[in-house]
1. Only residues in segment 143-167 that are farther than 18 Å from PHE36 by Cβ count as the first member; pair them with residues that are assigned to a helix (DSSP H, G or I) and at pLDDT below 85, Cβ under 6 angstrom, at least 6 apart or cross-chain, and list the lot.
2. Which of the residues spanning segment 108-122 are surrounded by fewer than 19 Cβ atoms within 10 Å (Cβ to Cβ) and assigned to a helix (DSSP H, G or I)?
3. Restricting to segment 3-62, name every residue that is closer than 20 Å to ILE118 by Cα and among the basic types (Lys, Arg).
4. Collect the residues in segment 87-107 that are modelled with pLDDT of 80 or more, of a type in the set (A, V, I, L, M) and either on the phi > 0 side of the Ramachandran plot or in a loop (DSSP other than H, G, I, E, B) (or both), keeping them in residue-number order.
5. For ILE13, work out the one condition from (1) out of contact with any helix residue (DSSP H, G or I) (no Cβ under 6 Å at 6 or more places or on another chain); (2) within 16 Å of ILE128 (Cβ to Cβ); (3) surrounded by fewer than 16 Cβ atoms within 10 Å (Cβ to Cβ) it doesn't fulfil.
Amino acid sequence: MTKNILHFGILFIVMVLLQIVCSKILLFDLATPLIFIYFIIRLPMNLSKNWVYTLSFFLGLVVDIFNNTQGMNALACTLMSALRQPVFNIYMPREDDMSNPIPSIQSLGTGVYLKYMITLVVIFCLFIFMIQSFTFSNVALTLLRALCSSVLTIVILFGIDSLMSTRREKRL
């Protein structure tokens with residue numbers, strides 16, 4: 001238990017620091033990697049909803065403080081944390097089959113994990129870019145930014161999870 005708390009505490013700090021660096025990246029004036037949401041994706045499925053909401057809100061708030069975005073990430077992270085369990089249940093209806101309650105490539109398999117991750121990333125990106133634009137006057141550009149950021153984020157998060165799974169397998 002203490003090992004998991006320490007692991008997720010370090011993951012929280014690393015994701016925030018990486019996001020601070022990555023928030024300066026803007027590819028082709030469209031795509032921004034939003035890698036801090038990996039923390040929410042990786043939270044254990046058996047963690048209580050209150051803890052998930054609290055940790056997600058706090059993560060979004062910390063990113064908002066460093067990016068000066070007035071609570072937009074906190075709102076989007078809280079929405080994502082609310083949709084996390086239903087999305088997981090769509091792709092993995094039987095929670096009993098999971099030996100490790102932490103979603104990853106290793107515990108869910110590549111196909112199920114990718115569907116779970118892609119759905120959450122797309123929801124987060126659509127919501128955060130709709131909040132940022134706060135208008136429907138240029139919906140096409142907002143959707144394009146959300147799509148490009150989703151693709152970039154998915155590729156990076158899949159790489160991070162592949163590295164973490166490989167490192168864990170090597171230790172065994």
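1. Correct list of pairs: SER165/ILE105; SER165/GLN106.
2. Within segment 108-122, the subset surrounded by fewer than 19 Cβ atoms within 10 Å (Cβ to Cβ) is 109-112, 114-115, 118-119, 122.
Passing the criteria: THR110, GLY111, VAL112, LEU114, LYS115, ILE118, THR119, VAL122.
3. ARG42 - this is the single residue of segment 3-62 that is closer than 20 Å to ILE118 by Cα and among the basic types (Lys, Arg).
4. Passing the criteria: only ILE102.
5. (2)
The values are calculated or read from the model by the stated rules, or taken from the named source; none is laboratory data. Every value quoted in this text rests on a predicted model; they were computed, and no experiment measured them. Backbone-built Cβ (ideal geometry, glycine too); neighbour counts: all protein chains shown.
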